[in-house]
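The values are calculated or read from the model by the stated rules, or taken from the named source; none is laboratory data. These numbers were taken from a predicted model, which means no experiment stands behind them. When we count neighbours, we look across all protein chains shown, and the Cβ atoms used for this are built from the backbone with ideal geometry, even at glycine. Areas reflect the complete protein model, heavy atoms only, side chains present, ligands, DNA and RNA absent. Shrake-Rupley method; radii C 1.70, N 1.55, O 1.52, S 1.80 Å.
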Amino acid sequence: MVNVDESPSLRERYVPAGWPGMRGKRVVVTGGTRGLGEGVVRLLLAEGAHVATCARRSAGLTALGDSLAGDERARLFTDALDVTEPGRLEDFVTAAAKRFGAVEGRANGRDDMDGLDGLVACVGGSRGGTFEQADGADWAATWELNVGHTARLVRAALPRLRAAGGGSVVLIGSVSGWKPGPPAQYGVAKSALIQLAASLARELGPDRVRVNVVAPGSMLIPGRRWDRMRREDPRAYEAFVGAELPTGAPVTPHEVARTVVFLLSDWATGVSGVHLPVDRAQNAPSPDGY
Ligand SMILES: NC(=O)c1ccc[n+]([C@@H]2O[C@H](COP(=O)([O-])OP(=O)(O)OC[C@H]3O[C@@H](n4cnc5c(N)ncnc54)[C@H](OP(=O)(O)O)[C@@H]3O)[C@@H](O)[C@H]2O)c1
């Protein structure tokens, strides 16, 4: 489980007076049961937002809901789906907006009027192994997972963002999207998100919709790649951290989640079209080469 804060005193030290918070904001986050997505969902709920999230496995969604206190649980809407399955993501966005409208008492019989204030396209990953192993289908699947689902999410939500008078969209890129490291199909897809955000920031600016990319560095997530490497091959892990991470430790999912929530908030109304690395000045994305 990703903690919302490393310690209570940290929150007191780092939440400045005047922070507008996220109370009442309606946000859709894809992939919210693990890692960064889970961290963003928990932080948004803690900040008072209504949150809709999805994952393929309902067990993870149930566990997320069960772990929350009553008030936060009441503001969470979940659905089990694969974001690459045609139509499912679009239906999820519609259901989330309707649900938020009903919870807020704004249901008016016209579901097209139910607005959304924010999106986080967090699902991502790579398919097919190395460049040599990956075939055309793997490249297409990697593209769809990272770029296709992101574009379809924004497109499906656009009328809802407009209905809210504008909103904030955060795309989740990667250090692999701007610094070379294998596998190529992943880096290429993540780099496309930089262009997508820059382009949509211009196109949707007149609608007061902001679009930015947050590019995490290697995050230490329980049970995932870097955590497994740390336990199974500590010498290789230490060598990687020593060579590529100048602060001596990888960025945490919570540090990245805080940046995502800042971009979703009204303190970031001047920020759009930005590619923002949150990686503690990491150099190479992985120890696997280049
Ligand atoms: N981990 C890192 O070090 C790192 C570094 C840089 C960038 N990133 C990026 O950060 C984002 C989050 O990565 P992460 O490692 O924190 O999380 P993750 O372990 O990849 O978890 C992804 C979440 O998305 C869900 N998910 C995966 N595929 C899905 C699909 N096809 N449809 C619906 N839900 C799906 C998962 O639940 P189910 O399995 O139940 O579907 C889970 O809730 C990704 O875009 C990744 O590329 C990660």
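Taking GluC sites (Glu not before Pro) that fall in a DSSP loop and have at most 14 other Cβ atoms within 10 Å as cut points, what is the longest piece of the chain between them?
For GluC sites (Glu not before Pro) (loop position, at most 14 other Cβ atoms within 10 Å), the longest site-free span of the chain is 133-290.
Counting pairs of alpha carbon atoms under 8 Å apart in space and at least six apart in sequence, what relative contact order in percent does the chain give?
Reported relative contact order: 18 percent.
Rounded to the nearest angstrom and ordered from largest down, what semi-axes does the equivalent ellipsoid of segment 24-100 get from its C-alpha gyration tensor (root of 5λ)?
Working from the Cα gyration tensor, I get semi-axes of 18, 14, 10 Å.
Using the Cα centre of segment 108-213 as origin and beta-carbon charges of +1 (Lys, Arg) and -1 (Asp, Glu), tell me which of S176, P159, N146 is placed farthest towards the positive end of the dipole.
Checked the options; the winner is P159.
Could you give the angle, 0 to 90 degrees to the nearest 10, between helix 253-264's Cα long axis and the longest principal axis of the Cα atoms of the chain?
Taking Cα atoms only, the helix is inclined about 40 degrees.
Expressed as a whole percentage, what fraction of the accessible surface of the chain belongs to carbon and sulfur atoms when a 1.4 Å probe is rolled over the protein heavy atoms?
On the chain, the fraction of accessible area on carbon and sulfur atoms equals 52 percent.
Report the extension gain between T247 and E232 in nm, rounded to one decimal, defined as 0.36 nm multiplied by the number of residues separating them, less their alpha carbon distance.
Length gained between T247 and E232: 3.2 nm.
With r defined as the distance between the Cβ atoms of N283 and A102 and R0 fixed at 30 Å, what FRET efficiency is calculated, to the nearest 0.05?
Computed FRET efficiency for N283 and A102: 0.05.
Each label point is 7 Å from the Cα along the Cα-to-Cβ direction; what then is the distance between the points at R88 and D66, in nm?
That separation, rounded to one decimal, is 2.2 nm.
How far is helix 149-163 tilted off the main Cα axis of the chain, in degrees rounded to 10, range 0 to 90?
Computed tilt is about 30 degrees.
For the chain, state the average projected area of the convex hull of the C-alpha atoms over all orientations, rounded to one decimal in nm².
Over all viewing directions, the chain projects a mean Cα-hull area of 15.4 nm².
Have a look at segment 239-281 and give its Rg and Dmax from the Cα atoms, expressed in angstrom.
According to the Cα coordinates of segment 239-281, Rg and Dmax are 13.1, 41 Å.
With just the Cα atoms defining each centre, how far is segment 56-79 from segment 213-290? Give it in Å.
Taking the Cα centre of segment 213-290 as reference, the centre of segment 56-79 is 26 Å away.
Applying a 10 Å radius around every beta-carbon, put 58-66, 73-81 in order of their mean neighbour count, most first.
Result, highest mean Cβ count within 10 Å first: 73-81, 58-66.
To the nearest 20 Debye, how big is the dipole of segment 173-290 about its Cα centre, given +1 on the beta carbon of each Lys and Arg and -1 on that of each Asp and Glu?
80 debye
Using the heavy atoms of the protein chains and a 1.4 angstrom probe, tell me the accessible area per residue for the chain in square angstrom.
45 Å²
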